[in-house]
Amino acid sequence: MLQTQKDILCEIKDDGLIDYKKAYEIQKRYVQKVQQGHPSIIYVCEHPSVLTLGRSAMAEHILISPEELNERGIEVLPIDRGGDITLHAPGQLVIYPILDLQVFGKDLRAYLCKLEQVAIDLLNCFGIVAHRFDGKTGVWIGRKKIVSIGIGVRRWISYHGLAINVNTDLALFSMIKPCGMDVKMTSMAQIKRGIIDMNEVKKRVISNFCQAFGLTLKESGDDQGKFAVIESRLSERGLCLREGARHAKGCSP
Amino acid sequence: MRRVVLPELGEGIDKATVACWHCNIGDYVRKDDDLLEVVTDKATFNVAAPSEGIVKEILVPEGQEVKVGEVLAVLGTLDVQ
């Protein structure tokens, strides 16, 4: 199979540190774009500290008072994703894949499972052995959770996604009962006993993501430099997988 | 009349819970408008209108569990109104 630079399947958007609500509005715009036939988008960012309540969240899973939250400037936002309460904070890499799941089999469980695998593979790249926990979506190291996952789907376009604790201040999780469970959270930095290079994590996870989903990165001005290495690696391998072929222009069998 | 059913959401998922309705009885909806949101363990899913029409019946209240294939709402055709 030959792959050319004309095969536009997936774009990366990296907003660095961005307010949760702003990023949510951006996600919604991206969902509309993908619905209209735009290539898939992998939106990566970090958020200032914020608590988000998924559709299964219960108020008692917030363990500190509204006054304390107010003092610390931490908002609590009910949102339209699956799952319970979670915390976002700087040092946590958030990945929002905006994908047309009709191309990937219209299977929510399979999609969640694939997200878990992307995260497990990412951690493996850093020498960290992680695993699934039966019946508890997410990625774990022993009995500690390192990656939280919750998604939304509209007209089979995915949004929300996964939150990977890279260098997150883990003390912040004492404010909540993460995912409504009595569980300790961990981070890549805690496991490796040192700060992890966030840009390296982004590169690796995007590369893993594209491989797992058979996506080829779109050549785009603002991201071109940052992700050039991944682009060329994917091109060399000539990725034009079954799922991607439907969107590919000029992709020879 | 057009029935709106809970679609297949994937292997091993045979039910979901109605999280919220985005429409009311009597509303005009276009094809693909979001009618309601259902939730499974870690995912929300918006069920879209299969055609344009008027919402005639909403059969499942918020918070109730529904099975795949179960009728959630009924849309009436425009000329019936």
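General observations
- Of the candidates A:Y43, A:Y96, the single residue that is of a type in the set (F, W, Y), within 23 Å of A:L17 (Cβ to Cβ) and in contact with a Lys or Arg (Cβ under 6 Å, 6 or more places away or on another chain) is A:Y43.
- Residue list for region A:137-157, restricted to those being of a type outside the set (F, W, Y), outside any loop (DSSP other than H, G, I, E, B) and either out of contact with any helix residue (DSSP H, G or I) (no Cβ under 8 Å at 6 or more places or on another chain) or under 19 Å from A:E46 (Cα atoms) (or both): A:G138, A:V139, A:K144, A:K145, A:I146, A:V147, A:S148, A:I149, A:G150, A:I151, A:G152
- The condition of being farther than 20 Å from A:A110 by Cα, free of Cβ contacts under 8 Å to residues at least 60 places away in the same chain and either surrounded by 13 or more Cβ atoms within 10 Å (Cβ to Cβ) or within 8 Å of chain A (Cβ to nearest Cβ) (or both) holds for only one of B:G53, B:G76, that being B:G53.
- Failed item, numbered, when B:P7 is tested on (1) in contact with a Gly (Cβ under 8 Å, 6 or more places away or on another chain); (2) within 9 Å of another protein chain (Cβ to nearest Cβ): (1)
- Condition check for A:A163: buried (at least 17 other Cβ atoms within 10 Å of the Cβ) and not in a helix (DSSP H, G or I): yes
- Those residues of region A:14-32 which are farther than 21 Å from A:N167 by Cβ and in contact (Cβ under 8 Å) with a residue 24 or more places away in the chain, in sequence order: A:K21, A:Y24, A:Q27, A:K28, A:Y30, A:V31
- Members of region A:102-142 that are within 13 Å of chain B (Cβ to nearest Cβ) and either of a type in the set (F, W, Y) or crowded, with 20+ Cβ neighbours inside 10 Å (or both): A:F104, A:L108, A:Y111, A:L112, A:L115, A:E116, A:F133, A:T137, A:G138, A:V139
Values in this text are rule-based calculations from the coordinates and carry no lab data. Bear in mind the structure is a predicted one, so any value in this text is a computation, not a measurement. Heads up, the Cβs are rebuilt from the backbone with ideal geometry, glycines too, and the neighbour counts pull from every protein chain shown.
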